[in-house]
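Notes for the one structure printed next.
The values are calculated or read from the model by the stated rules, or taken from the named source; none is laboratory data. Computed from a predicted structure; not experimentally measured. With ideal geometry, Cβ positions are generated from the backbone for all residues, glycine too; neighbour counts draw on all protein chains shown.
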Amino acid sequence: MVAKPVAGKSKSILVLEDDRDLGDLLKLTLEETGHRVRTASNGQGALEQFDRGLIPDLVILDLGLPGMEGLEFLTLIQKRYPYVKAIVISGREGVDSIVETMRLGALDFIRKPFDLKTVQTSVNEALQFQELQLSLERSKKVGVFSREMPFLYVSSIMARIMETIQQVAATNVPVLITGESGVGKEVVAREIHQRSNRSDKPFLKVNCAALPASLLEGELFGFERGAFTGAVKAKPAKFEKASDGTLFLDEIGELEHSLQAKFLHVLQDGSFTRLGSNKALRSNARIIVATNCDIEDAVNKGRFRSDLYYRLNVIRLHIPPLRERPSDIPVLAKHFLSIDNRKFGKMVHFDDKTLEYILKYPWPGNVRELQNAVSRFVVLGKFSPDTSFTEPEPPEEIELTEPDKITPSPDHPVPDIPPKQMTLKEIAKEAAQQAEKEAILRVLEATRWNKSQTARVLKISYKALLYKIRDCGIEQG
């Protein structure tokens, strides 16, 4: 979904007017009503703001602009940023001008000279219309997208990817998603599923790099009771559970050669057998796979079967890293900031210096690294990248006043929940325990709650596993 502005009274407005005095007058008038207003004197200067990630909710523009005509600018933004609304203020007469601006998506046409109250009324109506439109869109998506990691974008390159997603969602052909770690490949896979006619069916994910081959085989193809030591009861395959839905295999490049042939067989005729059984089962799950490795190189070196590659590479979606789509960075950062403000009971906001900082850093860990950096910013009041990456050094670290003393942004009012008074040590301990719990649960489920086998996989003693199960509050479902 295209990035949407945060609901609330205060909005971001761009005034595109070559008459500096008139532009300043509109800026002051709208700022008095609580909006955040930027100005530009020509279309190129306005587009540069868009490219830097400064995407307004509303544009007020004149048609008679130097260089790029107002109609040309309006055409561009309505194509690239459909959620940005526009109001035209112009001295041009004639019905043709009005009709053309409305055809291009403008919500109002105000003739010069004008009354400032007329402009204020038009702005309020435009923003109310936008809020209604966004509310309807949100109601369609409620409960579907992860609040932590939604599919947000404003860049033209991601808009083209969305166009492809819309085209392939209605089909059942396999999709291969490539891109660096952390770019959001799973988010794209979920978007394809949600836009398909399978959206009310299961979306199941299997990470091919997270489990050893023996356990992964049981996960994908299932097994019968007694198929191997520890198989105390039958387990259905992921292909069974995802039937009529979507099965997403992450890190497909890590799938061992012995399993690639079995996977290819499922792709070819939709049939498979559980371990320990000769009965053929069928699945019509939609297959989406992803990898961060050079899959063609893996094929050339014999690590990945060429016939499986050609079967998977029907539709290819390459998700570019954040450094190649900088206009998406502020949108994502502000979304994560809103999430973390609520999570930690804070009222932190980004100023222009912070936004400039995050736009200059290359983000080698992509969206995942950006999300973690925003969390540190909210907790510590300091914006710094993930030090685990050894990429080009970022700009000098930004330090702010204590987060709970920062003036709240109009976009982020005081949360309803009371602040959590957690120390950094407590936060780290809680995060580590949650990660341990998830890892233990994943292996327990894969081994059908065989604790001895789970302890061997996790490389800890049986006694230590029992302690951890108790401490993490894990109960067998």
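At a glance:
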item	result
K429 being basic (K, R), modelled with pLDDT of 60 or more and loosely packed, with under 15 Cβ neighbours inside 10 Å	yes
Residue within segment 255-273 that is touching a residue at least 12 places away in the same chain (Cβ under 8 Å) and under 28 Å from the mean Cα position of the chain (by Cα) present	yes
Sole residue being assigned to a helix (DSSP H, G or I), small (G, A, S), within 29 Å of the chain's Cα centre (by Cα) and farther than 24 Å from L215 by Cβ, chosen from A333, A298	A333
Any hit, segment 282-299, residues being closer than 29 Å to G226 by Cβ, of a type outside the set (D, E, K, R) and touching an Asp or Glu at 6+ places or on another chain (Cβ under 7 Å)	yes
Subset of segment 72-115 that is in contact (Cβ under 8 Å) with a residue 40 or more places away in the chain and part of a helix (DSSP H, G or I) - its residue that is surrounded by the fewest Cβ atoms within 10 Å (Cβ to Cβ)	R80
Residue among A126, A170, A210 that is buried (at least 18 other Cβ atoms within 10 Å of the Cβ) and either part of a loop (DSSP other than H, G, I, E, B) or at pLDDT 85 or above (or both)	A126
Every residue from segment 9-31 that is within 17 Å of E125 (Cα to Cα) and not in a helix (DSSP H, G or I)	K9, S10, K11, S12, I13, L14, V15
Filter result (crowded, with 16+ Cβ neighbours inside 10 Å and closer than 22 Å to V168 by Cβ) within segment 293-310	I295, L308, Y309
Flag if R316 is surrounded by fewer than 20 Cβ atoms within 10 Å (Cβ to Cβ), touching a residue at least 12 places away in the same chain (Cβ under 8 Å) and not hydroxyl-bearing (S, T, Y)	yes
Residue tally, condition farther than 24 Å from R325 by Cβ and touching a residue at least 40 places away in the same chain (Cβ under 8 Å), over segment 339-377	7
Hey, G218 crowded, with 17+ Cβ neighbours inside 10 Å and more than 29 Å from the chain's Cα centre (by Cα) or not	yes
Count of segment 317-330 residues which are of a type in the set (A, V, I, L, M), part of a helix (DSSP H, G or I) and within 30 Å of V173 (Cα to Cα)	1
Given (1) crowded, with 17+ Cβ neighbours inside 10 Å; (2) within 12 Å of V119 (Cβ to Cβ), index of the condition K11 fails	(2)
Hits in segment 86-119 (condition: within 33 Å of the chain's Cα centre (by Cα) and closer than 24 Å to R20 by Cβ)	A86, I87, V88, T101, A106, D108
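Residue by residue, here is whether (1) outside the structural domain of F203 (by TED's automatic domain parsing); (2) at pLDDT below 85; (3) of a type in the set (S, T, N, Q) holds:
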{"site": "T229", "(1), (2), (3)": "no, yes, yes"}
{"site": "D244", "(1), (2), (3)": "no, no, no"}
{"site": "D269", "(1), (2), (3)": "no, no, no"}
{"site": "A280", "(1), (2), (3)": "no, yes, no"}
